[in-house]
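Chemist: Can you keep this structure in mind? I'll have questions shortly.
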Amino acid sequence: MKRDRTIDKNRLPILFYLTAFMFVVMIASAGILYGGWQVLIALNVLHVETLSLDRLLLWALIISAVLSTGVVLIFGNRMIFKSTHALSEASKRVACGDFTMKLEIPKEREIGELVENFNQMVEQLNHQQTLSSDFLAGISHEFKTPLATIRGYTQLLGEDIPREKREKYEDIIIKKVDALTALVTNILELSKLESDDIKIPRSVFPLDEQIRKNILFYEPVWSGKEIEIFPELLPVDYYGNPELVSEIWQNLLDNAIKFTPQGGKISVTMEETPDQIYVRFQDNGIGMDAETQEHMFDKFYQGSAQTGKKGSGLGLALTKRILEVCGGNIEVESTPGKGTCVSVCLHKTP
């Protein structure tokens, strides 16, 4: 494996060194020739008429140019041309889909910066390829499981079964279809939000009322688990897209309820500053380990604590993207076995 090196950003350009070298060679050549010329004249080997000073300087220029060209060719072949050839070969491999290339960074500033940028580009391409592969694997799994369930129960419906079982199987099929519909909706929504030229319509709406409506919407779920929810909300108006912002609260509430045990507690608090609005969701659920927190916003990621929990792994990825589009950010603090606190910051717009 090649050893990586970091170039010195303060190092002078190669052109400066080559120019300085040519100047030194020219002065040295002129000095040597002039000294030899004076010696030969003193020995009466040459006369001024035979070799004038102008002609001497011309020879000095020719000799310095030959020496400089030779050094540049040798240096370029060993340093610059070698690096550019390696870069060219590596570019061919990247064009063929190999994103694992990493070149050794030469010490020369210009070519070093070029190679460094190339390594960063390949690293990003490799990361994007990994994300794409994970995305395809995740989406395949998320579709395959419910489709297999739907197929199995549909076959059972073709048999002579009691009415109670038939209704149960039909209810399961409907739930799986709803889950697939929600998954497709989230994928399309996420794809639309990842477009660079997306335009979001905005309007002023009461943020506290929106959060309360979402809490009431999930009332059958949290009351079924005997969870207590304590909303402490301020009367705040926010300028943004109501539909997208509502999805933030739905995803966060869904996660908080999902990972809070029977009889647990969830608090929803709000703070306001002249420039920001902070909304925090605090639960006393199962919490998350460090690895889960690191990847929680990755598409289709399911942490170890989520085993057996329903979900597509797109909710938090969608939430983060919505906040990026709407102008905001999200932070998470969690301890396994003690709960999770999710803080959403919405930036006010003039």
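Chemist: Please work out how much length the chain gains when fully extended from Q250 to T100, using 0.36 nm per residue of separation minus the C-alpha to C-alpha distance, in nm with one decimal.
Modeler: Here the answer is 50.0 nm.
Chemist: Quick one: grab Rg to one decimal and Dmax as a whole number for the range 203-347, Cα atoms only, in Å.
Modeler: Rg, Dmax (Cα atoms, Å): 14.5, 43.
Chemist: Determine the alpha carbon to alpha carbon distance for each of K144/K175; K144/K176; K265/K338; K175/K213; K199/K320 and list only those over 21 Å.
Modeler: Values: K144/K175 15 Å; K144/K176 11 Å; K265/K338 12 Å; K175/K213 23 Å; K199/K320 17 Å.
K175/K213, as the Cα separations exceed 21 Å there.
Chemist: Roughly what would the spin-label model give for R163 and E89, points 7 Å off Cα along C-beta, in nm?
Modeler: 7.8
Read-outs: derived from the displayed coordinates by stated rules, not from any lab. It should be emphasised that the depicted structure is a prediction, and the values quoted were computed from it without experimental measurement. Note that we place each Cβ from the backbone using ideal geometry, even for glycine, and neighbour counts take in every protein chain shown.
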